[in-house]
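> Here's a structure for you.
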Amino acid sequence: MSVKSKCRMLDGPWLGLSGLLVVLFTAVTPAPVDAQVAAGAGVTFAEDVAPILYQKCVSCHRPGSIAPMSLLDYETAVQYQPLIRVMVEERRMPPWYVDHNVGIQDFKDDRSLTDEEIATIVQWVESSAPAGDPAAMPPVPDFEDQIYEWTLEDEMGRPPDHIVMMPEPFTIPGNSGNLFPWFIADSGLEEDRWIQAYETKPSVEGFPVVHHNGTTFIYPDGSTEEFGEYAIGKTGDIFPDGTGRFIPAGTQIRFSAHYSGSTDGEDRTDQTRLALWFYPRGVEPEHRLYRDRWGAISDLDIPPYEDSARSDGFTILDQNVRLTAYQPHMHNLGDRQCMEVIYPDQRRQTLNCVGWDFGWHITYNYADDVQPLLPKGSVIHLTHWHNNSESNPWAGDPDNWVGYGQRSTDDMAFAHISNYKLSDEEFAEHVAERRRLVDERRRAAEEAAGGGG
Ligand code: HEC
């Protein structure tokens, strides 16, 4: 496979300035009435588009949230229609970069648009973006909870057992652009505990400027392990049944924030909090969850002006693994990552390919029924692509060669993998259970097809 032929979902036909111009042009030129009717077939904002935006966009695109404009009302949305079309067709918005054409597609909290939703938005733009009947507008969703409440409190049946705050409030100057500060807080835990669920939340005033905030455990021996993160739409996790994260007494918490100063020029202060729900004292979950680094490269070589610098990292599994979540990690020049497994019997399978935008650190949690079951002896192969050219808005100076390092002007390439280990006996049970499930579904599908025919 040539480097250029890597399958890239994000490079749709509309990528780049030329694509944008085509779209702007078609959007401002009224189509003949016949063509409007044929293409649009009655698609309107109130009836068809607003329900999609309200479900998939306005948690961020509304006044007082993090995105640059509100998509709640027709008047604003219609001004942005050419750009909305580009962003949804290229799957750059909502931020969710799993390649829909390769590998596993079933994730928890999937906020991406379906092909039908994209087609509806495109049809609306192509038919001159009609408003429709204002009475048909869906009710404006309520976001109070998102700002004020621990959203897992209901499901967990109680308020958090323990809260760790950033050590002090941090002020984000208005119009300051992107800031990436780190903070280290004492967890305040004087005994070891097992964590069943967590949620991360900005303070109320900080909500509109917190893009994401990741937490890392710094264990008493100085070693570190990533824990969780906050982003709108993905504030926490209840860990799968029978699993939990272990936090020893004396662990410190590192908050790695991404702030983006408010565009109204107002300074804002944030003090993000991490809430923990524990297993009862004395109850130990069956499996300890880990967040490992797979496929890491420490000798990156990204030449100036190279838009497809490829590197390959490998991790050999010395234990059986059930993989629960995948999160690529790269810096500014990251572009795309694919994860494949080479099984001990030489079969190869691509698990996923995921695009990368430095502005969004997204954990992709696999749905329970499709979590990869990987036998020991498998080799995990991560392919990383970096883009050090002007086509990458995050590239600081494409004149420069870039290598591996900790600074944000250096780059990185690995994947955070949430997983738990299985003994040979447990692994055989998990595989048998998966086989049963797959057979059951196949039979149900065959019956449905037979019954319908
Ligand atoms: C999780 C938050 C979030 C969600 C959900 C989201 N957006 Fe965005 N959007 C942003 C942010 C923040 C920006 C600013 C650029 C950036 O940081 O990537 C943005 C930028 C945009 C832009 C470009 C605006 C400009 O002036 O450059 C468009 C268009 C857009 N979003 C449309 C949408 C649409 C349509 C949806 C739903 C189908 C959506 N977004 C869902 C957060 C979000």
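Derivation of every value follows stated rules applied to the coordinates shown; laboratory data play no part. All values reported here derive from a predicted model rather than from experimental measurement. Quick reminder, even Gly has a Cβ in these numbers, built from the backbone with ideal geometry, and neighbours come from all protein chains shown.
> Using Cβ contacts closer than 10 Å as the measure, can you line up Met165, Met330 from fewest to most? If you can, show how the numbers build up before the last one.
Values: Met165 17, Met330 23.
If I rank by nearby Cβ atoms, fewest first, I get Met165, Met330.
> Using 24 Å as the Cα-Cα cut-off, could you pick out the over-long pairs in Lys108/Lys376; Lys56/Lys201; Lys108/Lys421; Lys56/Lys108?
Working: Lys108/Lys376 26 Å; Lys56/Lys201 20 Å; Lys108/Lys421 21 Å; Lys56/Lys108 14 Å.
Lys108/Lys376, as the Cα separations exceed 24 Å there.
> Test of understanding: what is the full-extension gain from Asp299 to Gln406, defined as 0.36 nm times their sequence separation minus their Cα-Cα distance?
37.3 nm
> If I fit a long axis through the Cα atoms of helix 115-126 and take the longest principal axis of the Cα atoms of the chain, what angle between them do I get, 0 to 90°, rounded to 10?
30
> What is the angle, in °, between the Cα long axis of helix 424-452 and the longest principal axis of the Cα atoms in the chain? Nearest 10 is fine, range 0 to 90.
30
> Something else now. For His61, His329, what ranking results if the residue with the fewest other Cβ atoms within 10 Å of its Cβ goes first? Write out the running numbers ahead of the final one.
Working: His61 23, His329 19.
With the fewest neighbours first, His61, His329 line up as His329, His61.
> Using helices alone, I'd like the mean residue ellipticity at 222 nm for the chain: each DSSP H run of four-plus residues gives -39500 (n - 2.57), total over residue count, nearest 500. Please list the in-between numbers first.
Values: 9 runs with 93 residues, N = 453.
Rounded to the nearest 500, it is -6000 deg cm²/dmol.
> Place a point 7 Å from the Cα of Gln349 along the Cα-to-Cβ direction; which residues of the range 311-337 have their backbone N under 13 Å from it?
321-323
> Please work out how much length the chain gains when fully extended from Lys108 to Glu149, using 0.36 nm per residue of separation minus the C-alpha to C-alpha distance, in nm with one decimal.
Details: separation 41, 0.36 × 41 = 14.76 nm, distance 2.11 nm.
Stretched out fully, the Lys108 to Glu149 stretch lengthens by 12.6 nm.
> Any chance you could run the full-extension gain for Asp318 through Val140? It's 0.36 nm times the residue separation minus the Cα-Cα distance, nm to one decimal. Before the final figure, lay out each step's value.
Numbers: separation 178, 0.36 × 178 = 64.08 nm, distance 5.10 nm.
Working it through step by step, the gained length comes to 59.0 nm.
> At 7 Å along Cα-to-Cβ for each site, give me the label-to-label distance between Leu437 and Asp241 in nm.
1.1
> Please report how far the C-alpha centroid of the range 179-211 lies from that of the range 267-281, rounded to the nearest whole angstrom.
If we compute the Cα centre of each part, the gap is 4 Å.
> Compare the peptides 399-408, 333-342, 120-129 by average per-residue count of other Cβ atoms within 10 angstrom and give them in order, highest first. Don't skip to the end; give the middle numbers.
Details: 399-408: 12.7, 333-342: 22.9, 120-129: 20.0.
The packing order, highest mean first, is 333-342, 120-129, 399-408.
> Note down the relative contact order for the chain as a percent, whole number, built from C-alpha pairs under 8 angstrom at least six residues apart.
Values: 943 pairs, mean separation 71.9, N = 453.
Once divided by the residue count of the chain, the mean separation gives 16 percent.
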